[in-house]
Structure formats: C-alpha cells, structure tokens
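Enquirer: Starting off with a structure, shown below.
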Amino acid sequence: MPNKVKKQPHAVKGFSRFAHTYEQYNMIQAEVAKQLVGRLEEKRYSTIIDIGCGSGAVIKNLENCSIEFDHFIAVDLSEEMLSLHPAGTKIKQYCIDFNSHESFAKLCSDKEALVLSSSALQWSTDLDITLSWLAKCGKKAHFAIFTSGTFKTLHECAGIRSPIYSDKELKKVISNYYEATFMLQSYQLTFPNTKEMFRYIQKSGVSGGERQLGYKKMKRLMEEYPLDYLEFEVLFVEAKPL
C-alpha cells in the first residue's frame, strides 16, 4: 500500500504565551505529545519505547488516556531529563544517543513493541540510521517530528536555513523503512513583544537557528520581525515497518 498524506482542515492551532506560567517553555511540545498519544487506537500494549522521552510528556499522557502497558522503555540523551521522568517497576530508562546504531540493540527485545517519539527525531544527524533501527524495534510506530516549517517567517527574515528537516525530506526517508500515513499540523504561539518571543526561542529547545546570527543581526531581526506570533509545523506519522 502506498504511503498517504492526510491534510488537516483548519490546521493552524493558536496559543497565547500568557496562557501558562512564565517559566514554562514547552507549550507546543506538550500539545504535540498530547496529540500523538491521542492518536493511539489501543488501550493496552506489551511494550512501549519512547525515543527522546524528555521529562515524561508521553507517559503522562498515556496515563491521562488510561492506556496501559507491561513495559515502558524511556530513552533520552540527557541524564538530567531522565532524572525528571516518572519511574516505576514497569519503567526502564536508558541514557543513550539515538544517532548511534549500537544503542538500539538493547531496545529491540520485544518485536510487538509500540515505538513512539515526540518532538525528538528532528535532531537525528542521520535519519537513515535512526529509522532503519527503529523499524526493527517494534511492529508499529507513531512519531511527531518538527519540520523546517517551524519559524518559517523568522528564517526568511533572517536569511538563514532551518537547522531541521523539511516535511518532504522526512516523508522520503520514513517511506524507505515504513508504510506510513502522514498528517502535517501547524501551530501559532502569540507573544506580547519580540523580546518575549526570542526568549522563548532560546529556552524552548526548538531551535530557530539563532546560533547562526550575531548580536547585531539578532537585534535587527527583533526590530523587523513582522508577526506577533511564532510558527510551528509538526509532521505526525503513523507507521508499520516494511
């Protein structure tokens, strides 16, 4: 069966920066994890593998949706993040780099596993290596991956290239290893001023390519940026290994 693309009507979902506390910089990522888990069809899984688990947005949403599991494998490169992740007798944590193929062998013991990844795979330095191994780790996968459509206007104004993959690049590589259905979702996050906006970019972990800019260029961009919101684009993927 060919891979399919679902187009989402009214795809832009808006949020206000002041709907949450000042310290909270992962509003979009939290919404993405919620939507990813909300797309799961079953209420129980033998093993769930969460690639790039962070502090536990996926497992918390599984609990909120009353989705059960026998084993949960939480994978992240950051020991600090894993220390914040929920623990328990059913949960195993691995501090490994998903860019290294040697890391995956210990994750692939249950061929019936469900593989999840929310807001992480855009940082793979070699998607072919990462996806070729993930396809061996379970019978089904759900991914949510930020695309280069994130901060699109900001990049155009700054004259820089997005540091992450386009949706076309992602679909092409994913289709080498999975029979997949894709849905592209857009979000907007509104700010009262550009200072708050750029603070968010630096703190959120969703890179806007700001490291490519010097102080003067960054200051000018803050003065000239034409919107009162940031754009985000996420590719949701439902997939079965080929």
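Rule-based calculations on the coordinates, nothing more; no lab input. Please read these numbers as outputs of a predicted model, since none were measured by experiment. Every residue, glycine among them, receives a Cβ derived from its backbone with ideal geometry; neighbour counts consider all protein chains shown.
Enquirer: Set the Förster radius R0 to 41 Å, insert the Cβ-Cβ distance between Thr153 and Lys111 as r into 1/(1 + (r/R0)^6), and round the FRET efficiency to 0.05.
Expert: After rounding, the FRET efficiency stands at 0.40.
Enquirer: Moving to a separate point now. Return the whole-Å distance between the Cα centroid of the stretch 130-192 and the Cα centroid of the stretch 25-87.
Expert: That distance is 19 Å.
Enquirer: Expressed in nm to one decimal, what extension gain is obtained for the pair Thr181 and Met218 from 0.36 nm per residue of sequence separation less their Cα-Cα distance?
Expert: Length difference between fully extended and current span is 9.5 nm.
Enquirer: Something else about it: Per-residue HN-Hα couplings for the stretch 225-239, Karplus 6.51 cos²θ - 1.76 cosθ + 1.60 at θ = phi - 60°, whole Hz, x for Gly and Pro?
Expert: For the stretch 225-239, the Karplus-derived couplings read 4, x, 10, 9, 9, 9, 9, 10, 9, 10, 9, 8, 10, 10, 9 Hz, x marking Gly and Pro.
Enquirer: Amide H of Gly149: which non-local residues (sequence gap of 5 or more, or other chain) have their own amide H closer than 5 Å, using H built in the peptide plane?
Expert: Asp167
Enquirer: Would you mind giving the three semi-axes, in whole Å and largest first, of the ellipsoid equivalent to the stretch 98-242 according to its Cα gyration tensor?
Expert: For the stretch 98-242, the semi-axes come out at 34, 15, 12 Å.
Enquirer: Need the full-extension length gain, Thr190 to Asn99, defined as separation in residues times 0.36 nm minus the C-alpha distance. One decimal, nm.
Expert: That works out to 29.4 nm of additional length.
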